[in-house]
Amino acid sequence: MLIYLAGGVTGNLFKLWKEMMKIYLAGTYSQPFVIEEAMKIFLAGIQDKTKDFVFKTEKPYILESYFYIKEQNQWILKMRPFFKEFLLDSGAFTFIQNNSTKCNWDKYVEDYANFINIQKIDLFFELDIDSIVGIKEVERLRNKLEKLTNKQCIPVWHKSRGKEYWSKMISDYKYIAIGGIVSGEIKQNEYYYFNYFLNEANKNNVKVHGLGFTNLVGLKQYKFYSVDSTAWLYGNRGGFLYHFNGKSIEKIIEKNKRLRGKEAAIHNFNEWLKFSNYAEINL
């Protein structure tokens with residue numbers, strides 16, 4: 001299983017990553033970096049005193065939103081060679097949440113497709129805005145996106161599409177996704193249905209991505225090809241650090257302590273990266 005780390009390349013931590021990238025490209029390997037400088041996520045083999053916080057040589061899987069990176073495409077181009085693989089979310093729901101005006105979805109798709117073409121992005125999601133415009137309009141926008149990019153997107157199944165639509169998706173596509181997990185559209189007591197959907201996809205040699213699915217028990221029960229998580233980013237807000245114990249990720253509660261957000265996020269990123277590398281082979 002592949003675990004994509006989401007939400008930290010741009011968005012709230014954009015400044016941190018951007019500054020780190022500038023220093024990495026400058027080739028200043030000899031400088032004794034410390035955690036406060038946020039320099040070490042991509043650097044390995046530094047001094048002993050900082051080795052526990054170093055971003056090891058393994059490249060991460062990264063998922064990011066078009067909404068955040070569309071104005072920062074030159075920067076992300078420099079960053080992408082250091083990713084093992086990159087998934088691009090359409091950012092449609094984020095756009096809706098941040099704009100009170102009605103969206104011209106045709107223009108949005110045209111801009112999205114143009115970005116994909118310029119960036120030479122291979123893996124990108126459709127605009128799964130079924131609840132806003134309906135499935136027929138989603139399909140029209142999907143077809144337009146694929147014609148403009150000359151590539152298949154990753155369609156996103158929602159409960160409202162039903163069982164028959166899943167069968168259609170696994171017949172037409174080789175990489176698909178399940179959405180509605182983070183929003184609660186799919187309840188935890190309904191997760192056992194994943195077995196049916198994943199088994200049907202497996203019969204057709206179709207890869208399935210679980211959007212926002214990092215339920216630690218569920219990761220062992222449901223054999224997604226890939227998932228993504230922003231958990232590493234928000235641990236500091238809840239007052240805890242993550243620790244990879246060799247087989248899973250666990251929380252360390254820092255009672256009566258105020259965590260320093262940037263340092264906690266970097267530590268948690270590294271721990272989730274260890275878990276991601278483990279999951280790729282063992283889950």
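Ranked from highest to lowest mean number of other Cβ atoms within 10 Å per residue, what is the order of the peptides 171-177, 191-197?
For the peptides 171-177, 191-197, the packing ranking is 171-177, 191-197.
Once you list every other residue whose beta carbon is under 15 Å from the beta carbon of Val156, what net charge do they have if Lys and Arg are +1 and Asp and Glu are -1?
On the way: positive: Arg142, Lys159, Arg161, Lys168, Lys174, Lys207; negative: Asp89, Glu126, Asp128, Asp130, Glu137, Glu139, Glu146, Asp172, Glu185, Asp228.
Cβ neighbours under 15 Å give a net charge of -4.
Taking a ≥ b ≥ c as the square roots of the eigenvalues of the Cα gyration tensor of the range 123-180, is the shape rounded (a/c under 1.5), prolate (a/b larger than b/c) or oblate? Display every interim value, and only then the final one.
Values: a/c = 1.74, a/b = 1.21, b/c = 1.44.
It is oblate, given that a/c is not under 1.5 and a/b is not larger than b/c.
Report the local net charge at Lys136: Lys and Arg +1, Asp and Glu -1, summed over other residues whose C-beta lies under 12 Å from its C-beta.
Working: positive: Arg140, Arg142, Arg161; negative: Asp130, Glu137, Glu139.
Result for the neighbourhood of Lys136: 0.
Between Glu190 and Lys220, with labels modelled 7 Å along Cα→Cβ, what's the label distance in nm to one decimal, could you check?
2.6
Can you give the net charge of the other residues whose Cβ lies under 15 Å from the Cβ of Ala113, counting K and R as +1 and D and E as -1?
+1
Measure off 7 Å from each Cα along the Cα-to-Cβ vector at Asp111 and Arg140, then give the distance between these two points in nanometres to one decimal.
Between Asp111 and Arg140, the simple spin-label model gives 2.0 nm.
If amide hydrogens are placed 1.01 Å from N in the peptide plane, which non-local residues have theirs closer than 5 Å to the one on Ile154?
Here Phe124, Phe125, Glu126 satisfy the definition.
Rank by packing, highest mean first: peptides 82-90, 113-121, 178-186, with packing defined as the count of other Cβ atoms within 10 Å averaged across residues. Walk me through the intermediate numbers first.
On the way: 82-90: 20.0, 113-121: 15.3, 178-186: 17.6.
Ranking, from highest mean packing down: 82-90, 178-186, 113-121.
Return the FRET efficiency for the residue pair Asn282, Glu164: r is the Cβ-Cβ distance, R0 is 45 Å, and the value is rounded to the nearest 0.05.
Rounded to the nearest 0.05, the efficiency is 0.85.
Where does the Debye-calculated log10 I(q)/I(0) of the range 141-283 sit at q = 0.11, 0.13, 0.14 Å⁻¹, using only Cα point scatterers of equal weight, no solvent?
Results for the range 141-283 at q = 0.11, 0.13, 0.14 Å⁻¹ read -0.51, -0.68, -0.76.
Within the range 147-283, what percent of beta bridges assigned by DSSP are antiparallel, to the nearest 5? Don't skip to the answer; put the middle values down first.
Values: 5 of 13 bridges.
About 40 percent, rounded to the nearest 5.
Fewest to most neighbouring Cβ within 10 Å: what's the order for Leu198, Leu127, Leu148, Leu233?
Listing Leu198, Leu127, Leu148, Leu233 from fewest to most nearby Cβ atoms yields Leu148, Leu198, Leu233, Leu127.
Quick one: Tyr278, Tyr165, Tyr242, fewest Cβ neighbours within 10 Å first, how do they rank? Kindly include the intermediate steps, with their values, before the conclusion.
Details: Tyr278 18, Tyr165 14, Tyr242 21.
Lowest to highest Cβ neighbour count: Tyr165, Tyr278, Tyr242.
Any read-out appearing in this document is the output of simple, stated calculations on the displayed coordinates, not a laboratory observation. Predicted, not measured: the structure shown is a model, and the values here were computed from it. Neighbour counts are summed over all protein chains in view; Cβ atoms, including those assigned to glycine, are modelled from backbone coordinates with ideal geometry.
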